[in-house]
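Novice: Take a look at this one; I'll ask things after.
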Amino acid sequence: MSTKLVQSNPWQPIRPNNPSRTLKYQLDKHLYAQRHLVECCFSKLKQFRRVATRFEKTARNYRAVVTLAAIVLWMR
């Protein structure tokens, strides 16, 4: 992504700085922790083959499979 595109948007990057970067931006550690939690959840959901490969033809059925996978993860 181009730097101008990122700077023109109201969003802020939520990832740690590269140690060799000369211009460092602030990092909201709480927001980064929340982002990491969401990424881990998606990673765990993708371990279910039906979720990762999208076997379901309709969005309704796919949403049901994702819901079931989330319930299984929650119950563990």
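Novice: Applying the selection to segment 55-76, what residues are surrounded by 11 or more Cβ atoms within 10 Å (Cβ to Cβ) and either of a type outside the set (S, T, N, Q) or in contact with a Pro (Cβ under 7 Å, 6 or more places away or on another chain) (or both)? Break it down into steps so the answer makes sense when it comes.
Specialist: Within segment 55-76, the first condition is being surrounded by 11 or more Cβ atoms within 10 Å (Cβ to Cβ), and the residues that meet it are 55-56, 61-66, 68-70, 72-73.
Hits for segment 55-76 are F55, E56, Y62, R63, A64, V65, V66, L68, A69, A70, V72, L73.
Novice: While we're on this one: Condition first: assigned to a helix (DSSP H, G or I) and either surrounded by 11 or more Cβ atoms within 10 Å (Cβ to Cβ) or modelled with pLDDT of 85 or more (or both). Can you find one or more residues in segment 7-28 that meet it? Write out each step before concluding.
Specialist: As a first pass, look at segment 7-28 and keep what is assigned to a helix (DSSP H, G or I): 7-8.
If we keep only those that are either surrounded by 11 or more Cβ atoms within 10 Å (Cβ to Cβ) or modelled with pLDDT of 85 or more (or both) as well, we get none.
No, that holds for no residue.
Novice: Checking the structure you have, find out if any residue of segment 32-45 is at pLDDT 85 or above, open to solvent by less than 100 Å² (accessible area, probe 1.4 Å) and more than 15 Å from the chain's Cα centre (by Cα).
Specialist: no
Novice: Find all pairs meeting these conditions: Cβ atoms under 9 angstrom apart; at least six residues apart or on different chains; first residue within segment 34-60 and under 13 Å from A70 (Cα atoms); second residue modelled with pLDDT of 90 or more and hydroxyl-bearing (S, T, Y).
Specialist: R50/Y62; V51/Y62
The values are calculated or read from the model by the stated rules, or taken from the named source; none is laboratory data. Every value quoted in this text rests on a predicted model; they were computed, and no experiment measured them. Every residue, glycine among them, receives a Cβ derived from its backbone with ideal geometry; neighbour counts consider all protein chains shown. Just so you know, the surface numbers come from the protein's heavy atoms only, side chains and all, with ligands and any DNA or RNA stripped out. Shrake-Rupley method; radii C 1.70, N 1.55, O 1.52, S 1.80 Å.
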